[in-house]
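Comments concern the structure below.
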Amino acid sequence: MSIKIEKTKNANELKLSFEIEAEKFDSAIKKVYEQSAKYFNIPGFRKGKAPMAIVEKTYGTSIFYEDAFNEVVPEVFEKELKENNIEAVSRPDLDIEQMEKGKNLKFTAIIQTKPEVKLGKYKGIQIKKIEYNVSDEDIEHELGHMAERNSRIVSVENRPVEKGDITVIDFEGSVDGVKFEGGKADGHELEIGSGTFIPGFEDQIIGMKQEEEKDIKVKFPDDYFSEELKGKDAIFKVKLHEIKKKELPEINDDFAKDASEFDTLEELKNSIKEKLEEDNKARVKYETEEEAIKTVCEDVTIDIPSGMIETELDNMTKEVENRLRYQGMNMDMYLNMIGKTMEDFRKEGEEQAKQAIKTRLVLEQIIKEENIEPKQEKIDEKLEEMAKTYGKTAEELKQNENFMEYIKKSLAQEEVISFLVQNAKIK
């Protein structure tokens, strides 16, 4: 086998010309035939028993070429990339020049490679000091949330609906006198002021009394997810059955005993303060690290190949799809809801993808420049932590080379970020 490697006119792009011996390609054709023979049903032969020559005569000599190509090329391709220290960052753009039984397989592959990173200043960078202090208002706010969680719902009699009430209503909507799908419900609970209904709907519930019926006129927003309803005027026939409200507990020592493990309100407040201070400490650490990374990346030159951007967008799209799946949705439903196409979605994500790639490449380059390598004890600690997460032993995880590589890379990234912050001048 022979390979020729050339640079193209484009930056970070190589052209690889391959020639694979006819014997190797013919052997792959025979292997593909043996794997797929059982699927051929040719008159005069039992199913799967027709000789290769008969199958080729019946379906054409090229019947096995594509599968044979896929059988022999990936392994050869990866081997040559590894031996020539080529880091491909895109799928190969293949051009088959010769693919025929009994002849050498000839093809070219154009690939994009990892770009050069020209670092600017990354030691002694200036970043602003970030501080968050816990105020009395923060503590009261958290106590308010606790009171909400410990509230009880009580029925309200002899007064009309007020903002903040929870109402139980029947409703049925129509546009131009025609009822529409999803516009009807009985015994629906609606908190007035929650903003969960069409703008203007909840406001018109205020003042209604139990068992009162009313026509509520609203207009669907111009950006409403349903094409049939966006921008349309609608009328909802509403009947109010019940008015309820949240009754919040008084915040005192008794509340502290009921809602926490503390005996006094003062002890509870101190605990909340400590928790908020810990949260603020974590927030300061995260935002300081982000500021350091952003500052370093601003002084860097990288020509990011389009293939890297496409791959990053693919990964971002998969992450969104996974999150949507947990919500019982798919990508098509989501795009329809926000009124965008997949092309729009990917276009809007391009800048985020470029920034993610740039950050990753910059950190990798600094790791290389500073020869940052996580210590074995750190690796062992991480392994033990991950072993508990996956329900395996650390020794089992060590057997997976890809997993070990991931652990080392993630730890090195943590260390290089700490390195940037430690060497920064914080104003």
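Of all the options Y33, Y390, Y132, the one that moves most in a Gaussian network model of the chain with Cα springs shorter than 10 angstrom is Y390.
Here the dipole of the range 72-222 is about 1260 debye; that uses its Cα centre as origin and unit charges on the Cβ of Lys and Arg (positive) and Asp and Glu (negative). Here, the range 223-290 is characterised by an Rg to Rh ratio of 1.33, where Rg is the alpha-carbon radius of gyration and Rh the Kirkwood radius.
When the chain is treated as a GNM with alpha-carbon contacts under 10 Å, the residue of E189, E321, E385 showing the greatest mean-square fluctuation is E385. Relative to the longest principal Cα axis of the chain, at what angle does helix 376-390 sit, 0 to 90 degrees, rounded to 10? Roughly 70 degrees, rounded to the nearest 10.
Could you please report the charge total around K163, scoring K, R as +1 and D, E as -1 over all other residues with beta-carbon less than 9 angstrom from its beta-carbon?
-4
Ligands, DNA and RNA aside, H188 has an accessible area near 60 Å² when probed at 1.4 Å. Taking 31 Å as the limit for the C-alpha separation, the pairs K237/K347; K129/K392; K38/K103; K273/K368 exceed it in the case of K237/K347; K129/K392; K273/K368. Extending 7 Å from the Cα toward the beta-carbon at both V76 and E250 defines two label points whose distance is 8.6 nm. Once C-alpha pairs closer than 8 Å and six or more residues apart are averaged by separation and normalised to the residue number of the chain, the relative contact order reads 16 percent. Averaging the sequence gap over all C-alpha pairs within less than 8 Å and six or more residues apart, then dividing by the number of residues, gives the range 250-335 a relative contact order of 11 percent. The Cα-based radius of gyration of the range 95-247, divided by its Kirkwood radius, gives an Rg/Rh of 1.39. Rolling a 1.4 Å probe across the protein heavy atoms gives the range 260-382 an accessible surface of 66 Å² per residue. Only helical runs count toward this figure. For the chain, summing -39,500 (n - 2.57) over DSSP H runs of n ≥ 4 and dividing by all residues gives -15500 deg cm²/dmol at 222 nm. Count Lys and Arg as plus one, Asp and Glu as minus one, and take only other residues whose Cβ is under 12 Å from that of L411; the net charge is then -3. A straight chain from E83 to N158 at 0.36 nm per residue would run longer than the Cα-Cα distance by 18.6 nm.
Using the scaling law 2.2 N^0.38 Å as the reference, what is the normalised Cα Rg of the range 305-350?
Details: Rg = 11.1 Å, N = 46, 2.2 N^0.38 = 9.4 Å.
Normalised by 2.2 N^0.38 Å, the Cα Rg of the range 305-350 equals 1.18.
GNM on the chain, alpha-carbon springs under 10 angstrom: the most fluctuating residue among K392, K128, K15 is K392.
Semi-axis lengths, largest first, of the ellipsoid equivalent to the chain are 58, 38, 23 Å, with √(5λ) applied to each eigenvalue of the Cα gyration tensor.
The Rg/Rh ratio of the range 289-427, with Rg taken over Cα atoms and Rh as the Kirkwood radius over Cα pairs, comes to 1.04. Cross-link partners of K118 among aspartates and glutamates, defined as those whose alpha carbon lies under 13 angstrom from its own and excluding same-chain residues fewer than eight positions apart: E298, D299, D303, E364, E369.
Using a 1.4 Å probe on the protein chains only, how many percent of the accessible area of the chain belongs to carbon and sulfur? About 45 percent, which is the carbon plus sulfur part of the accessible surface. One Cα centroid belongs to the range 79-132, the other to the range 312-363; the line between them spans 23 Å.
Placing unit charges on the Cβ atoms of the charged side chains and taking the dipole of the chain about its Cα centre, the candidate lying farthest along the positive direction among L335, N12, M146 is N12. Extension gain, I96 to K347, is 87.2 nm, computed as 0.36 nm per intervening residue step minus the present C-alpha separation.
Taking the Cα centre of the chain as the origin, how large is its charge dipole in debye, to the nearest 20, when only Lys and Arg (+1) and Asp and Glu (-1) carry charge on their Cβ atoms?
Numbers: 69 positive and 96 negative charges, 422 e Å.
So the dipole magnitude of the chain works out to roughly 2020 debye.
Relative to the first principal axis of the alpha-carbon coordinates of the chain, what is the inclination of helix 265-298, with its axis defined by its Cα atoms, in degrees from 0 to 90 and to the nearest 10? So the inclination is approximately 40 degrees.
When the surface is traced with a 1.4 Å probe over the full set of protein chains, K285 keeps roughly 120 Å² accessible.
The values are calculated or read from the model by the stated rules, or taken from the named source; none is laboratory data. Given the structure is predicted, the values throughout are model-derived calculations rather than measurements. Counting neighbours? That spans all protein chains shown, and the Cβs are built from the backbone with ideal geometry, glycine included. Areas reflect the complete protein model, heavy atoms only, side chains present, ligands, DNA and RNA absent. Shrake-Rupley method; radii C 1.70, N 1.55, O 1.52, S 1.80 Å.
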